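Engineer: Handing you a structure now.
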Amino acid sequence: MLYNQILSARSEGKNLLAVLIDPDKVALKNIPVLASKIKQSPATHIFVGGSSFDGQHLDEIIIGLKEELDLPILLFPGNPSQISAKADGILFLMLLSGRNPDYLIEHQVNAVPILEKTGLEIISTGYLLIESGSETAVERVSKTKPLAIDNINYISQTAKAGEHIGNKLIYLEAGSGAQNAVNPKIIQSVSDRISVPLIVGGGIRSKQQIDDAFSAGADLVVIGTAFENDLTFFDHV
């Protein structure tokens, strides 16, 4: 079970790192090169998904990754069209930072008949978009505003509410291509308040930022745009 593996790593103090692959930006022919770079990285997981991807060729992309890699693949979907039975599991997201009902419950309801036809491990995940200095794709697509960085208590309170609702993971997200990563003080506050594993992603562009996120309490850090723009990213960390 993927979730149990995350819990075990947390209890053993092992840091986890996921490479986020936006299928909108990956050509099937480039998967072998992409996979070879991931093999040379410290990645423990692959996340697949994007804010606006329409789902085309998703199965083929995941099949291609599985042929090259022996890492668990988790879907990180922006909507139900981004569900593939070829993955190992899915982060079943609730956008707790916003009040758009489509992203709090409607997409989830519409995903049920699709999920029932798969064997995916479903992991309930509270998703919090954090202010990052610029408008991100998540903000545009979801039509929700990120949580203000100067209200740390409210952010951690929202995360704890997600845990009380039943979310098994909390995900702090600055957004794809964010100007600024999630502040370590925010990570620390949320980590201190919740008892479930904490994922942090968005705007991370250096080893120092990865280390800072882990030191502040992140259990799993996600690298997306930095790796997407430079496949040699992990050569320097």
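To keep it simple, each residue is scored yes or no on (1) open to solvent by 40 Å² or more (accessible area, probe 1.4 Å); (2) out of contact with any Leu (no Cβ under 7 Å at 6 or more places or on another chain); (3) not in a loop (DSSP other than H, G, I, E, B).
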position: Ala159; (1), (2), (3): no, no, yes
position: Gly162; (1), (2), (3): no, no, yes
position: Ile170; (1), (2), (3): no, no, yes
position: Val182; (1), (2), (3): no, no, no
position: Gln188; (1), (2), (3): yes, yes, yes
position: Ile199; (1), (2), (3): no, no, yes
position: Gly203; (1), (2), (3): no, yes, no
position: Gln208; (1), (2), (3): yes, yes, yes
position: Asp211; (1), (2), (3): yes, yes, yes
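Engineer: So, in region 150-175, of the ones that are in contact with a Gly (Cβ under 6 Å, 6 or more places away or on another chain) and of a type in the set (Gly, Ala, Ser), which residue ends up nearest to Val196 (Cα to Cα)?
Structural biologist: This residue is Gly162.
Engineer: For region 110-122, give me each residue that is crowded, with 20+ Cβ neighbours inside 10 Å and touching a helix residue (DSSP H, G or I) at 6+ places or on another chain (Cβ under 9 Å).
Structural biologist: Ala111 - this is the single residue of region 110-122 that is crowded, with 20+ Cβ neighbours inside 10 Å and touching a helix residue (DSSP H, G or I) at 6+ places or on another chain (Cβ under 9 Å).
Engineer: Residues Gly55, Gly78, Gly98, Gly50: which one is in contact with an Asp or Glu (Cβ under 7 Å, 6 or more places away or on another chain), assigned to a loop (DSSP other than H, G, I, E, B), touching a residue at least 24 places away in the same chain (Cβ under 8 Å) and small (Gly, Ala, Ser)?
Structural biologist: After applying the criteria, what remains is Gly50.
Residue by residue, here is whether (1) open to solvent by 30 Å² or more (accessible area, probe 1.4 Å); (2) in contact with a strand residue (DSSP E or B) (Cβ under 7 Å, 6 or more places away or on another chain) holds:
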position	(1), (2)
Asn4	yes, no
Arg10	yes, no
Pro23	no, yes
Ala27	yes, no
Pro32	yes, no
Ala35	no, no
Gln40	yes, no
Ala43	no, yes
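Engineer: Suppose we keep only residues that are part of a strand (DSSP E or B) and of a type in the set (S, T, N, Q) within region 112-154. Which one would you say is nearest to the chain's Cα centre (by Cα)?
Structural biologist: Top of the filtered list is Thr125.
Engineer: Take the residues in region 1-19 that are in a strand (DSSP E or B) and in contact with a helix residue (DSSP H, G or I) (Cβ under 8 Å, 6 or more places away or on another chain), then tell me which one is nearest to Lys207 (Cα to Cα).
Structural biologist: Leu17
Engineer: When both residues are 6+ apart or on different chains and their Cβ atoms are under 8 Å apart, which pairs have a first residue that lies in region 130-152 and is without any contact (Cβ under 8 Å) to a residue 40 or more places away in the chain, and a second that is hydroxyl-bearing (Ser, Thr, Tyr) and open to solvent by 20 Å² or more (accessible area, probe 1.4 Å)?
Structural biologist: Ala148/Tyr154; Ile152/Ser189
The values are calculated or read from the model by the stated rules, or taken from the named source; none is laboratory data. Since the model is a prediction, treat every value here as computed from it, not as a measurement. Methodologically, a virtual Cβ is constructed for each residue, glycine included, from the backbone with ideal geometry; neighbour enumeration extends over all protein chains shown. Ligands, DNA and RNA are stripped out before the accessible areas are found, and what is left, the full protein with its side chains, is counted by its heavy atoms. Shrake-Rupley method; radii C 1.70, N 1.55, O 1.52, S 1.80 Å.
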